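Let me begin by presenting the structure, written as structure tokens, before commenting on it.
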């Protein structure tokens, strides 16, 4: 743990692998590192495939560096559900950042998780935070409409759109737009950018962002990430959003919400592991067969298993 | 060592043909590995830094330019300097037979010519990395 705090990049890389593999050492180290977290501004970048997320992340990181801030980047790409393999290609668009000791990039595969991140992503963000990176940028997989895990992990969520991806009915659908703290229309040099931006503004007029019951209206910004146009304005808006969260007390509330959902997830995982161990594979197997054969059902099975373990507690 | 094999595929040097590298990346993915693809025109420094950050088990270098006798030794030297001696290196591309012994001497674990099947490449990489 000490080498990670001291900025040893190899130790950091190894620790991230341990976390991805979910080993017991990783859990111990994470709990030791936790007091050192809470300083980084965590910025999420999400959007449909091909909108230019990686290029935008590359430019945002450069803008942060110009302002003297170090940047950790986590770029998530999907794992193949058939082979378990993954092609992680986000570094291709981040070559400008190579060789800068103030930058650390890690590619991650989703490993079966469906929310646009991998299960380990939130923990890896904590490690980069503890390692002292001032800004941590998380790029999700190219998402559709329902992969909104990023909103739980990031302080500031940037939703990237590009012209010509959908009409204004798409913009009305729930999901991605509801988690946006900033909306970016990238590839703004292409025809239709102004219309896309307008459609997003209209959608924002129709209803408040349900996650923010405060006064923040997500700004709609236009960028050409390929040559960096508009990127400084996006970073300014992200910083303004952070200030808004802190002044309004939402920062603290989100930290609490995150702590609560992390705690629940951890309890769930631990409880299930313990329960499975206690009940035993044979019993679970028997119930599974009965459910598959329609002799029982999941509701009865779960209630019965729990009732039996509680009974044996009282013996 | 990670439970899931992680392989970096890199294209050092100045030639702009990455079709072979992409085919290999895809084949390794289909064999269940996590493949980090870094794109064209990588310097040895960039490759080693990426290997370190990504904590990979092996690096595949695709070289068609004929510069392998300059590029490969530099990558291997930088790996040693970074303390990444345990990372296996394999090379694909157009490598004349007479250069093979020298590359093996340097520590290159496998060399694949233009005719190598993706299946053989995937199996070899699995064996090299103990997967």
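Worth pointing out:
- Nearest 10 degrees, 0 to 90: helix A:53-66 Cα axis against chain A principal axis: 70
- Helical mean residue ellipticity (222 nm; -39500 (n - 2.57) per DSSP H run of 4+; nearest 500) of chain B: -12500 deg cm²/dmol
- A crude spin-label estimate for the pair residue A:226 and residue B:100, with each label 7 Å from Cα along the Cβ direction, gives 4.4 nm.
- Residue order, fewest to most surrounding Cβ atoms within 10 angstrom, among A:34, A:299: A:299, A:34
- Antiparallel DSSP beta bridges within region A:35-248, as percent of all bridges there, nearest 5: 5
- Note on residue B:124 and residue A:300: with the Förster distance fixed at 41 Å, the Cβ-Cβ geometry gives a FRET efficiency of about 0.20.
- The antiparallel fraction among DSSP beta bridges confined to the protein assembly as shown stands at about 5%.
- Nearest-ten-degree value, helix A:250-279 long axis tilted from longest Cα axis of chain A: 30
- Mean shadow area of region A:6-86, taken as a quarter of the surface of its Cα convex hull (nm²): 7.5
- Percent antiparallel among DSSP beta bridges (both partners in region A:25-162, rounded to 5): 5
- For region B:21-89, the alpha carbon convex hull comes to 83 Å³ per residue, rounded to a whole number.
- Chain B: mean projected area of Cα convex hull, nm²: 6.8
- Per-residue ellipticity at 222 nm, computed for chain A from helices alone with -39500 (n - 2.57) per DSSP H run of at least four residues, works out to -15000 deg cm²/dmol.
- When the square roots of the Cα gyration tensor eigenvalues are ordered a ≥ b ≥ c, the ratio a/c for region A:233-305 is 1.5 or more and a/b exceeds b/c, which makes its shape prolate.
- By other beta-carbon atoms within 10 Å, ranking A:268, A:233 with the fewest at the front produces A:268, A:233.
- Available extension along the chain between residue A:114 and residue A:265 is 52.8 nm, counting 0.36 nm per residue and deducting the alpha carbon span.
- Rounded tilt (10° steps) of A:121-130 against the dominant C-alpha axis of chain A: 60
- Neighbour-count order for A:19, A:43, fewest beta carbons within 10 angstrom listed first: A:19, A:43
- Just so you know, the Cα atoms of the protein assembly as shown work out to an Rg and Dmax of 24.0, 77 Å.
Read the figures in this text as sums done on the coordinates, not as results from a lab. Every value quoted in this text rests on a predicted model; they were computed, and no experiment measured them. In this analysis, Cβ positions are derived from the backbone assuming ideal geometry, glycine residues included, and neighbour counts consider all displayed protein chains.
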